[in-house]
1. Roughly speaking, what is the centre-to-centre gap between the range 83-126 and the range 1-47 when only Cα atoms are used, to the nearest Å?
2. Counting only protein heavy atoms, what percent of the accessible surface of the chain is carbon or sulfur at a 1.4 Å probe?
3. Taking the simple approach of a point 7 Å from Cα along Cα-to-Cβ for both Ala82 and Val219, what is their distance in nm?
4. Given the chain, report the % of alpha carbon pairs whose separation exceeds 29 Å.
5. Explain nothing, just compute: Karplus ³J(HN,Hα) = 6.51 cos²θ - 1.76 cosθ + 1.60, θ = phi - 60°, for every residue of the range 16-22 in order, whole Hz, x for Gly and Pro.
6. Counting only heavy atoms of protein chains, what accessible area per residue, in Å², does the range 1-151 have with a probe of 1.4 Å?
7. Helix-derived [θ] at 222 nm for the chain: sum -39500 (n - 2.57) over DSSP H runs of at least 4, divide by residue count, nearest 500?
8. Using 12 Å as the cut-off for backbone N distance, which residues of the range 45-64 belong to the label zone defined by a point 7 Å from the Cα of Asp118 along Cα→Cβ?
Amino acid sequence: LFEEQVSISPAAIAVVFEEQQLTYRELNNQANQLAHYLQTLGVKPEVLVGICVERSIEMVIGLLGILKAGGAYVPLDPAYPAVRLAFMLEDAQVPVLLTQSSNQEKLPETQTQVVCLDVEAETLSQYRSENVVSGVGSENLAYVIYTSGSTGKPKGVMIEQRSVINHLAGLIFAMDENVFARSDFATNYCFDLSVASNVCPLLAGGSVCIYRGQIIDTVRYNQHLKDHQISFIKTTPSIA
């Protein structure tokens, strides 16, 4: 569905982060290069891939690259305690973990293969940029998000491709086509709440505008909303 939008409006802006931005064509190419690389590491349908990055353009490339390779992503917040990160990595048994060099020191010791997206940027650029054949189907996993663990150990909740698409297609169908023109992404990608903000715009031809700071800094956040002319926010009632 994202690739359909690439064919319709390749020069449109897909993602914006501070002074950086990528068009649909550029985002698709970089996600494809990552996907081809991940497939050489054995990523395919039902293979879980960890991703531990800050909100950034690399985050969007990483999530799309994992899905394009056919895998399912497991988001890990760099701010989580090392003990929780270690538990999630061991419990999910991810063979590959995508991260950034700035987060390496926060990661626990692990047997998982760690790939720093910023360090490996030159290597990834050598891979093919055409769309990937993954063999993924509607019944395959799209992502696994862990619960808070407030009632015991955190549990990985497995979400299938068809569940994500049904949810997002319903949102897009129910909204005016211009709603997703400029979508704000300011939430933690370790929560389901983030999926609509990050993916709906890319399926509807809009732009994802990533916010680095904390929403509780309301003056700065409101300025971000004005500067980027945000048209869609998905958040909790308390924040709204």
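1. Cα centroid of the range 83-126 versus Cα centroid of the range 1-47: 20 Å apart.
2. 52 percent
3. The answer from the label model is 3.7 nm.
4. Percent of Cα pairs beyond 29 Å in the chain: 24.
5. 10, 9, 6, 8, 9, 7, 10
6. Values: 6940 Å² over 151 residues.
With the other protein chains kept in place, the range 1-151 gives 46 Å² per residue.
7. After summing the helix terms and dividing by residue count, I get -11000 deg cm²/dmol.
8. 53-59
The values are calculated or read from the model by the stated rules, or taken from the named source; none is laboratory data. Note that this is a predicted model, so its numbers are computed, not measured. Counting neighbours? That spans all protein chains shown, and the Cβs are built from the backbone with ideal geometry, glycine included. Quick note on the areas: whole protein, heavy atoms, side chains included, nothing else; ligands and nucleic acids left out. Shrake-Rupley method; radii C 1.70, N 1.55, O 1.52, S 1.80 Å.
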